[in-house]
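A.B. asks: First the structure, which I've put down as structure tokens, then a few questions once you've had a look.
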Amino acid sequence: MSKKVLLVNDIAGYGKVALSAMIPILSHMKYEVFNLPTALVSNTLDYGKFDILETTDYMKNTINVWNELGFEFDAISTGFIVSKTQTELIIDFCAKKAEKGTLIFVDPIMGDDGKLYNGIGDETVKLMQRLISVADYIVPNYTEASYLTGISYKEEGTTKEELYKMIDKLRKLGAKSIVVTSAILENKKHVVAGYDHKKNEYFTIPFEEIPIRFPGTGDIFSSVFIGKIMNNNDLVTSIEKAMSVVEKMILQNKDNVDRYKGIPLEIYMGVIEE
């Protein structure tokens with residue numbers, strides 16, 4: 001029987017990001033995929049003009065209905081969360097499910113390039129610290145790891161020791177396995193750094209940055225990563241596979257005229273098996 005994955009994230013009407021990217025990938029990987037939208041977004045934010053409808057009341061009511069119906073999941077993945085109320089709701093929901101053995105994956109979406117996104121402040125950071133405390137796997141980027149730990153972001157590049165110090169602080173907050181993406185070392189080498197709680201091992205994985213931006217590549221990474229972990233691959237293997245899929249999809253779409261709508265990933269699912 002296929003495993004059940006619940007995705008808690010926003011959904012874009014126009015563009016392959018968040019749920020619009022994650023549902024097709026995890027479905028292709030043979031999981032039974034369910035979703036709890038945190039917001040309906042008109043299009044990817046890259047276009048500069050957009051509308052967002054947050055769904056907090058719907059989420060509350062849906063969770064109540066699901067509890068009454070006794071729905072359970074093998075894994076829950078959380079992404080973009082709109083408000084304090086939503087975050088508290090999701091923390092409570094994930095904590096209860098984790099007690100029953102549900103795997104919790106958290107992508108603490110808050111910022112990038114050393115800055116928090118518009119509308120995100122200290123309160124959100126504190127709430128996200130609570131959410132990662134119930135997580136089995138977290139995938140912050142270097143900026144988010146910096147805010148979660150209070151260790152300053154270094155634009156000129158950081159050191160492996162400093163990254164491991166960040167990872168230790170994230171572990172103290174309660175997260176089990178940690179994957180810090182988009183980190184740059186002082187020698188300008190790009191790395192993913194992390195800690196595998198099953199092996200009690202730290203690691204860094206170097207990669208070549210492709211200087212082309214598509215929205216949704218983080219969601220592609222997360223989906224493949226979750227799918228591989230749930231298929232009993234080890235942490236580093238799962239990360240390397242997810243990185244490889246993202247790289248191939250970017251390279252195959254690098255000449256697209258409108259990159260703002262993300263990668264038309266349904267056409268490129270074959271790279272997941274390569």
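A.B. asks: Can you name every residue in region 238-271 that is within 18 Å of the chain's Cα centre (by Cα) and under 19 Å from Tyr31 (Cα atoms)?
C.D. replies: Of everything in region 238-271, those that are within 18 Å of the chain's Cα centre (by Cα) and under 19 Å from Tyr31 (Cα atoms) turn out to be Ser238, Ile239, Lys241, Ala242, Val245, Leu265.
A.B. asks: So which residues in region 55-82 are closer than 20 Å to Gly227 by Cα and either among the polar types (S, T, N, Q) or without any contact (Cβ under 8 Å) to a residue 60 or more places away in the chain (or both), if there are any at all? Can you show your working first?
C.D. replies: The first filter runs over region 55-82 and keeps only residues closer than 20 Å to Gly227 by Cα, leaving 72-80.
Across region 55-82, the qualifying residues are Ser77, Thr78.
A.B. asks: Now for a different question. Pick from region 14-51 the residues that are more than 19 Å from Met249 (Cβ to Cβ) and among the small types (Gly, Ala, Ser): which of them is most open to solvent (accessible area, probe 1.4 Å)?
C.D. replies: Per the stated criteria, the residue is Gly48.
A.B. asks: List, please: which pairs have Cβ atoms under 6 Å, are six or more places apart or on different chains, and start with a residue in region 261-274 that is within 20 Å of Val41 (Cα to Cα) and end with one that is surrounded by 10 or more Cβ atoms within 10 Å (Cβ to Cβ) and small (Gly, Ala, Ser)?
C.D. replies: Short answer, once both residue conditions are applied: Lys261/Gly15; Gly262/Gly15; Gly262/Gly216.
A.B. asks: With the requirement that a residue be open to solvent by 30 Å² or more (accessible area, probe 1.4 Å) and closer than 20 Å to Met59 by Cβ, what does region 108-134 give you?
C.D. replies: Of everything in region 108-134, those that are open to solvent by 30 Å² or more (accessible area, probe 1.4 Å) and closer than 20 Å to Met59 by Cβ turn out to be Ile109, Gly119, Ile120, Glu123, Thr124, Arg130, Val134.
The values are calculated or read from the model by the stated rules, or taken from the named source; none is laboratory data. Model, not experiment: these values are computed from the prediction. Positions of Cβ are generated from backbone atoms using ideal geometry, with glycine treated the same way; all protein chains shown enter the neighbour counts. When the accessible area is computed, the model is the full protein with side chains, heavy atoms only, and any ligands, DNA or RNA have been set aside. Shrake-Rupley method; radii C 1.70, N 1.55, O 1.52, S 1.80 Å.
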